[in-house]
Amino acid sequence: MSARELVGQFLEMLRAERGGAANTVAAYQRDLDDFLAFLAR
């Protein structure tokens, strides 16, 4: 399983199980995308 797939699953869990607000989930997604880009360097 790729890191992107894991991030997708985490974000889905955040929405479904923890009731994450749309802005919260979007912020997590931006931060995790930036982190994955950093790791890829």
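Quick notes on this one:
- Between ARG15 and PHE35, residue separation times 0.36 nm minus the direct Cα-Cα distance comes to 5.2 nm.
- Close amide-amide hydrogen proximity is noted between GLY20 and ARG15, each under 5 Å apart and 5 or more residues distant or on a separate chain (H modeled in the peptide plane; Pro and chain starts excluded).
- Taking a ≥ b ≥ c as the square roots of the eigenvalues of the alpha-carbon gyration tensor, the chain is classed oblate because a/c is 1.5 or more while a/b is no larger than b/c.
- Table column - 3J(HN,Hα) (Hz), the range 27-34, Karplus curve with 6.51, -1.76, 1.60, x for Gly and Pro: 5, 4, 4, 4, 5, 5, 4, 4
- Estimated 222 nm signal from helices in the chain, with DSSP H stretches of n ≥ 4 weighted -39500 (n - 2.57), rounded to 500: -27000 deg cm²/dmol
FYI, it's all coordinate maths here, none of it is from the lab. Note that the structure is a prediction, hence the values are computed from the model and not measured.
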